[in-house]
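J.: Pasting a structure below so you can have a look.
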Amino acid sequence: DARELERLFAEARPQQRILDLISAPAEARPWKDYRPIFLTEQRIRAGERFWQEHEATILRAQETFQVNAEIIVAIIGVETFYGRHQGTFPVLDALVTLGFDYPPRANFFRSELRHYLHLAREEGLDLRGTLGSYAGAMGRGQFISSSYREYAVDFSGDGRRDLLNSWPDAIGSVANYFRR
């Protein structure tokens with residue numbers, strides 16, 4: 001609905017911090033500088049606990065999608081530190097900021113904004129309340145909107161693809177992403 005979209009975009013808050021972060025992403029660092037962020041004793045212990053707590057689901061995902069359990073566990077650890085860091089930026093604000101105020105990748109982020117609007121309707125997400133990364137990635141596997149729509153699976157069997165709150169769905173979706 002045009003009025004709803006106008007209201008929604010009027011409420012969106014472009015954020016300079018998002019532009020600052022995308023201009024100097026940690027992911028652009030050389031591996032020697034990037035590695036110490038992720039390969040820490042604390043993260044390794046958290047990964048062991050995560051694997052023990054979700055072993056049945058991880059092994060089911062490995063079998064279903066033919067993706068090594070180690071990859072599934074490692075990706076969730078890198079992306080969110082096993083759910084601890086899922087992002088603090090409203091996804092809508094991030095996508096509006098990058099889609100309209102970041103010319104180098106504006107087309108990509110406007111496309112992600114379109115996917116986010118569809119995703120919110122499809123999955124019942126709170127358009128204003130869903131939080132994610134500065135680049136609009138969300139949930140326990142940090143999926144961008146188009147990837148969420150394409151690769152997310154209902155691995156819990158509850159009829160929803162919930163990457164924000166469901167560990168089974170996040171685990172299955174990470175595995176499905178790598179399989180596909």
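The values are calculated or read from the model by the stated rules, or taken from the named source; none is laboratory data. On a predicted model such as this, the values are computed, not experimentally measured, just so you know. Glycine also receives a Cβ, built like all others from the backbone with ideal geometry; neighbour counts cover every protein chain displayed. Quick note on the areas: whole protein, heavy atoms, side chains included, nothing else; ligands and nucleic acids left out. Shrake-Rupley method; radii C 1.70, N 1.55, O 1.52, S 1.80 Å.
J.: Compare PHE109, PHE155, PHE38 in a GNM of the chain, Cα atoms joined below 10 Å, and give the one with the largest fluctuation.
T.: PHE38
J.: Then there is this: Just to verify a number: FRET efficiency for LEU59 and ARG180, C-beta to C-beta distance, R0 = 25 Å, to 0.05? Each step should come with its number before you reach the end.
T.: Values: r = 20 Å, r/R0 = 0.79.
About 0.80, to the nearest 0.05.
J.: Ok, one more. Please list the non-local residues whose amide H lies under 5 Å from the amide H of LEU131, H modeled 1.01 Å from N, same-chain partners needing a gap of 5 or more.
T.: Placed amide hydrogens put VAL91 under 5 Å from LEU131.
J.: Could you work out the relative contact order of the chain, using alpha carbon pairs under 8 angstrom and six or more residues apart, expressed as a whole percent? Display every interim value, and only then the final one.
T.: Details: 252 pairs, mean separation 40.2, N = 180.
Here the relative contact order equals 22 percent.
J.: Connecting C-alpha atoms closer than 10 Å in a GNM of the chain, tell me which of ARG110, ARG45, ARG160 has the biggest fluctuation.
T.: Comparing ARG110, ARG45, ARG160 in the GNM, the peak value goes to ARG45.
J.: What FRET efficiency comes out for ARG17 versus GLU150 if R0 is 25 angstrom and r is the Cβ-Cβ distance? Round to the nearest 0.05.
T.: On the way: r = 29 Å, r/R0 = 1.14.
Using R0 = 25 Å, I get an efficiency of 0.30.
J.: Obtain the nm distance between the two label points defined at ILE44 and PHE108 by a simple spin-label model: each point lies 7 Å from its Cα along the Cα-to-C-beta direction.
T.: According to this spin-label approximation, the distance is 3.3 nm.
J.: With a 10 Å cut-off between alpha carbons and a GNM built on the chain, which of PRO103, PRO14, PRO36 moves the most?
T.: PRO36
J.: Whole angstrom only: what separates the Cα centroid of the range 104-130 from the Cα centroid of the range 43-79?
T.: 28
J.: Among [x] 1, 8, 16, 19, 18, 16, 12, 6, 3, 1, 0; [y] 1, 8, 15, 20, 21, 19, 10, 4, 1, 0; [z] 2, 8, 14, 19, 17, 12, 8, 6, 4, 3, 3, 2, 1, 0, 0, which one is P(r) over Cα pairs in 5 Å bins from 0, in percent computed from these coordinates?
T.: [x]
J.: Please report the carbon-and-sulfur percent of the accessible area for the range 100-141; probe 1.4 Å, protein heavy atoms only, DNA, RNA and ligands left out.
T.: Working: 1070 of 2050 Å².
Accessible surface attributable to carbon and sulfur in the range 100-141 totals 52 percent.
J.: Also, quick follow-up: Ordered by residue, what ³J(HN,Hα) values in Hz, to whole numbers, does the range 22-39 give under the Karplus form 6.51 cos²θ - 1.76 cosθ + 1.60, where θ = phi - 60° and Gly and Pro are x?
T.: 6, 6, 9, x, 4, 5, 7, 5, x, 3, 4, 8, 7, 3, x, 5, 9, 9
J.: Carbon and sulfur together cover what percent of the accessible area of the range 15-56 at a 1.4 Å probe radius? Intermediate values should be presented prior to the final figure.
T.: On the way: 1640 of 3160 Å².
C and S atoms contribute 52 percent here.
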